[in-house]
Amino acid sequence: MSQPSDEGALVLFSGGQDSTTCLAWALERFARVETVGFNYGQRHRIELDQRQHLRRGLQALNPLWAERLGDDHTIALDGLGQISETALTRDEAIRIEASGLPNTFVPGRNIIFLTFAAALAYRRGLRRIVGGMCETDYSGYPDCRDDAIKALQVALNIGMEKRFVLETPLMWIDKAQTWALAERLGGQALVDLIVEESHTCYLGERGASHAWGHGCGTCPACQLRAEGHGRFVAGRRQG
């Protein structure tokens, strides 16, 4: 996109595959893009360490992206980890609870993230807030659903007297299509950057390097990423 919107955007940037793809998506569309990450005591905190490698990699891939990429912010939300007691915030086996949700669900996480992001966007003069929530390939988390994001946008705009737009470019695509979107945005170089530098594994293991990236290979996040990458590669061969 040669003529980006002159609006600024704030990207929820965890250091994972989805948020890296969302950051590239925003860099194509907006003249100024800032990033925010959250440290909530997550077991896979290593994702936060990967964020700067990814930001530098994106800048190196495209001079326009380098121009548009602005400040990075990290917000400590220790209290969220302390009260949630989930498999993402303490050392316990991943399983499905009686509620039908996996015990990796951190109640209120996306609601809290987007609320803090909106408060930061308010101060930074940014209207667009971009997140990697997805209702297609996801773990059943209710705060990833489109209805939840739309309802929160209304609440934030009423409560802050603003007209924020919560952008969710991955909402209706699956993991294979997310890989394909990254390829469209930045070619094989962006796909390689995501494979080599992003982190999605719930257990926080960089582990061996697989075709789809680093991770334990067995947790739900690794399995979803690996399966999506396999479908993406197969689709390219057929095409």
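Against the conditions (1) among the aromatic types (F, W, Y); (2) surrounded by 14 or more Cβ atoms within 10 Å (Cβ to Cβ); (3) under 16 Å from the mean Cα position of the chain (by Cα), F232 satisfies every one except (3).
Against the criterion of being more than 19 Å from Y202 (Cα to Cα), over 16 Å from the mean Cα position of the chain (by Cα), modelled with pLDDT of 95 or more and not in a loop (DSSP other than H, G, I, E, B), G79 does not qualify. Given the conditions (1) farther than 18 Å from R225 by Cβ; (2) surrounded by 19 or more Cβ atoms within 10 Å (Cβ to Cβ), report the number of the one that G41 does not fulfil. G41 satisfies all of (1) farther than 18 Å from R225 by Cβ; (2) surrounded by 19 or more Cβ atoms within 10 Å (Cβ to Cβ) except (2).
Go through (1) modelled with pLDDT of 90 or more; (2) in a helix (DSSP H, G or I); (3) surrounded by 15 or more Cβ atoms within 10 Å (Cβ to Cβ) for H199 and report which single condition fails. For H199, the failing item is (2). The residue pairs whose first member lies in the stretch 148-161 and is within 10 Å of T115 (Cβ to Cβ) and at pLDDT 95 or above, whose second member is surrounded by 17 or more Cβ atoms within 10 Å (Cβ to Cβ) and of a type in the set (G, A, S), and whose beta carbons are closer than 6 Å, counting only pairs six or more residues apart or on different chains, are L156/A118.
Note on the stretch 55-76: residues that are in a helix (DSSP H, G or I) and hydrophobic (A, V, I, L, M, F, W, C) amount to 6. Restricting attention to the stretch 204-229 and to residues that are assigned to a helix (DSSP H, G or I) and touching a helix residue (DSSP H, G or I) at 6+ places or on another chain (Cβ under 8 Å), the residue that is surrounded by the most Cβ atoms within 10 Å (Cβ to Cβ) turns out to be R225. Of the residues I111, I94, I173, the single one that is modelled with pLDDT of 90 or more and outside any helix (DSSP H, G or I) is I173. Summed over the stretch 24-48, residues that are part of a helix (DSSP H, G or I) and in contact (Cβ under 8 Å) with a residue 40 or more places away in the chain total 7. Restricting the stretch 123-147 to residues that are free of Cβ contacts under 8 Å to residues at least 24 places away in the same chain and in a loop (DSSP other than H, G, I, E, B) leaves a set whose member that is farthest from the chain's Cα centre (by Cα) is R145.
The values are calculated or read from the model by the stated rules, or taken from the named source; none is laboratory data. All figures in this text were calculated on a predicted structure; none of them were measured in a lab. Here the Cβ is made from the backbone with ideal geometry for all residues, glycine too, and neighbour counts use every protein chain on show.
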